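Engineer: Have a look at this one.
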Amino acid sequence: LRKAMFSREEPTRITAVHGFLQLLHTTAAPAATAGGAAAAADGGEAESEAVVHFQLELLGFIRRSLTQQASIRAALYDGIVPAFVTQPQLRPMVLELLFGQLAAYTDLFDDEQSSSAACATSPILLDKCLAFSEDGATPPTVVEPLPQLIRAITRCVVAARAGAAGADAADAADGAEDGGSPLANVIDRMRLLVDRVALCGLKHFGLHGEGVLGAKDKHGAYHHAIAAFLNAT
């Protein structure tokens, strides 16, 4: 899988990501999902620690895939959620991984800007999410699959708050209510994202004006690609 991750062929790299995610999901020891009580009773604490260490290695390889193409990152975002749901010990690292990506492609993390009148600007950094051509006539290509990233973060938050994965999820949800927990920070930032986008209009994305998406306009495909990306987001 390590070799496949650096293959020249994109399908091979996607296969590697799926392979690492599958290993991460299937190597969850019963002790890891049962609060460690079973391991203590069976004398399997050392084995449980070894499994966790191995999973941390897997997360390290998975993190490297964030430098790959958008299609590979989209597969990662979709596949990492089951690991978050079923393995409480991995949740802080999964949240940190996903949230770090969100910080790179939005401006939600500048508290000074977030509290100012500048909140009327778009929080989505289109110039980072999309690769634009110099002439503006060629449709931009997706660099960061922001819709899939947001969906993955949302699914993790919903799973944690609903207590879908055990007692740790309930504890995390309780922490979110009184603030200060990592999950509470994620919820606050996601709410801010929604509030900021709600203040935006077409002009914030250069899509205002009659005929901007017209088929006869040489830039029609260009604007349509931006609109499709924003709609998905």
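The values are calculated or read from the model by the stated rules, or taken from the named source; none is laboratory data. On a predicted model such as this, the values are computed, not experimentally measured, just so you know. Neighbour counts are summed over all protein chains in view; Cβ atoms, including those assigned to glycine, are modelled from backbone coordinates with ideal geometry. With ligands, DNA and RNA removed, areas are computed over all heavy atoms of the protein, side chains included. Shrake-Rupley method; radii C 1.70, N 1.55, O 1.52, S 1.80 Å.
Engineer: Between F54 and T141, what is the label-point separation in nm under the 7 Å Cα-to-beta-carbon projection?
Structural biologist: 3.8
Engineer: Each label point is 7 Å from the Cα along the Cα-to-Cβ direction; what then is the distance between the points at L125 and Q22, in nm?
Structural biologist: A separation of 3.5 nm, rounded to one decimal place.
Engineer: Counting only protein chains, not ligands or nucleic acids, how are H224, H204 ordered by accessible area (probe 1.4 Å), most first?
Structural biologist: So the residues, ranked largest to smallest area, are H224, H204.
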